[in-house]
Structures are given as C-alpha cells and as structure tokens.
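Data block below; observations after.
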Amino acid sequence: LTSGMKRKLLTLVMINDGSRVLLGYKKRGFGAGYYNGFGGKVEPGETVREAAQRELVEEACISAQDLQEAGVLVFAFDDQPQPWEVHVFAASSYVGEPAETDEMRPVWFAHEEVPFDSMWADDPIWYPYLLRQEHFRGVFAFQQTTKLVWNTMV
Ligand SMILES: Nc1nc(SCCc2ccccc2)c2[nH]cnc2n1
C-alpha cells in the first residue's frame, strides 16, 4: 500500500448527468453480478485517460465529451501482491446511445436509488464525494477479494 509499491493501473468512468448516474451491470468476468462504472486495465502505450475513453466505448458504446478526473482509489486484495490504483473519471455528456454489450448492461439510476447492495462494499464510502463533484482519494483493503476489512479516505 505504500507509495513505493508498483501498482496495477485501472480506470473507472462514471456518467453523472446531475440527477442520475449511468451504471453497468457486469455480466461476466471480474465483478460479475455487480453494478459499476465502466472501466478496466490500462494497456501499455496508452494514457490513463485514453484507457478510460477506450473502455467506455467498448463497454457501453458511448464516448464521453467532458471526462474529468474525479478521484483515485487504491485497492489491496489479500490474494494479490500488487495493489490496484483505479483512476476514476466523471463525465456529464457523451456521444452515442448507451447500449448493452456482452460485458455490460447499462442502467440509469437516480442518485438516491443507487443499488449499493449490488455493488462493491467500498462504493457507498466514496460515491457521496463523486455525486457532490468533490475530488476524492481512498485506500481500501479486501480479504478473500470481496470482504472490505479496512478503509480510509485521505
Ligand atoms: N467500484 C469499484 N470498482 C472496482 S474495480 C474498478 C476497475 C475495474 C476493474 C476490472 C474490470 C472493470 C473495472 C473495485 N474493486 C474493489 N472495489 C471496487 N469498487
């Protein structure tokens, strides 16, 4: 968790139109069965921002126009040596129409109806900052990949 450690870079894009947030129901792979923003790994040779844009197109068939850095989340899993460093972006406008892909089914939720019981356990901790458009930074430790055991918003 210390700053010196090598971290796995990932992205997460949250589409927030001010009263609703667009989430994807993950149909397979990591986090299947959860609602989440759109994202994934940063590939060699691309910037974090380019990766965020790419994943949004691949997973929801839309392209964000005003991608803003919303926060950074560090996740330590007890069964993985490398912590994950997830760069979270927010956008309020996009080109195209959200469409279902084999990975994700896009669903709009009102801010007060975000389905936290079908999301990662850390999400209720940082979503309030996201929805208030305040930059956030948090560190979270998980055991057996899904049990949140410790966290701090720094
Ligand atoms: N909200 C949220 N997201 C993630 S992973 C996001 C990045 C990702 C990774 C792999 C595929 C697609 C997207 C989390 N991990 C632990 N808590 C978490 N909370």
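The values are calculated or read from the model by the stated rules, or taken from the named source; none is laboratory data. Fair warning: this is a prediction, and the values are worked out from it, not measured in the lab. Reconstructed Cβ throughout: ideal geometry from the backbone, glycine too, with neighbour counts over all protein chains shown. Areas reflect the complete protein model, heavy atoms only, side chains present, ligands, DNA and RNA absent. Shrake-Rupley method; radii C 1.70, N 1.55, O 1.52, S 1.80 Å.
Would you mind stating whether F77 is within 12 Å of the ligand (Cβ to nearest atom), in contact with a Leu (Cβ under 7 Å, 6 or more places away or on another chain), of a type in the set (F, W, Y) and open to solvent by less than 20 Å² (accessible area, probe 1.4 Å)? Taking the combined requirement at face value, the residue does not satisfy it. Being part of a loop (DSSP other than H, G, I, E, B) and touching an Asp or Glu at 6+ places or on another chain (Cβ under 9 Å) holds for only one residue in R54, R28, and it is R28. Any residue at all in the range 43-61 that is within 18 Å of R20 (Cα to Cα) and either in contact with a Cys (Cβ under 6 Å, 6 or more places away or on another chain) or at pLDDT below 95 (or both)? Within the range 43-61 (the criterion being within 18 Å of R20 (Cα to Cα) and either in contact with a Cys (Cβ under 6 Å, 6 or more places away or on another chain) or at pLDDT below 95 (or both)), the answer is no, since none of the residues qualifies.
Using the structure shown, decide if G45 is over 18 Å from T145 (Cα atoms) and of a type outside the set (D, E, K, R). Against the criterion (over 18 Å from T145 (Cα atoms) and of a type outside the set (D, E, K, R)), G45 qualifies. Cβ contacts < 6 Å: first residue more than 19 Å from V72 (Cβ to Cβ), restricted to the range 11-30; second residue among the hydrophobic types (A, V, I, L, M, F, W, C) and open to solvent by 60 Å² or more (accessible area, probe 1.4 Å), any location; separation 6+ or different chain. Result? Filtered contacts from the range 11-30: R20/W108; L22/W108. Scanning the range 94-118 for residues that are over 21 Å from A32 (Cβ atoms), within 18 Å of the chain's Cα centre (by Cα) and open to solvent by 40 Å² or more (accessible area, probe 1.4 Å) yields Y94, E113.
The set of residues in the range 18-33 being buried (at least 17 other Cβ atoms within 10 Å of the Cβ) and more than 10 Å from the ligand (Cβ to nearest atom) consists of V21, L22, Y25. Kindly provide the set of residues from the range 11-24 that are part of a strand (DSSP E or B) and more than 14 Å from E69 (Cβ to Cβ), ordered by number. Passing the criteria: I15, R20, V21, L22, L23, G24. If you go through the range 40-57 one residue at a time, do you hit one that is open to solvent by 20 Å² or more (accessible area, probe 1.4 Å), within 15 Å of the ligand (Cβ to nearest atom) and in contact with a helix residue (DSSP H, G or I) (Cβ under 6 Å, 6 or more places away or on another chain)? Yes, the conditions are met somewhere in the range 40-57. Condition first: touching a strand residue (DSSP E or B) at 6+ places or on another chain (Cβ under 8 Å), of a type in the set (V, I, T), within 14 Å of the ligand (Cβ to nearest atom) and not in a helix (DSSP H, G or I). Now tell me which residues in the range 97-151 satisfy that. Residues satisfying the conditions are V114, V139, T145, V149.
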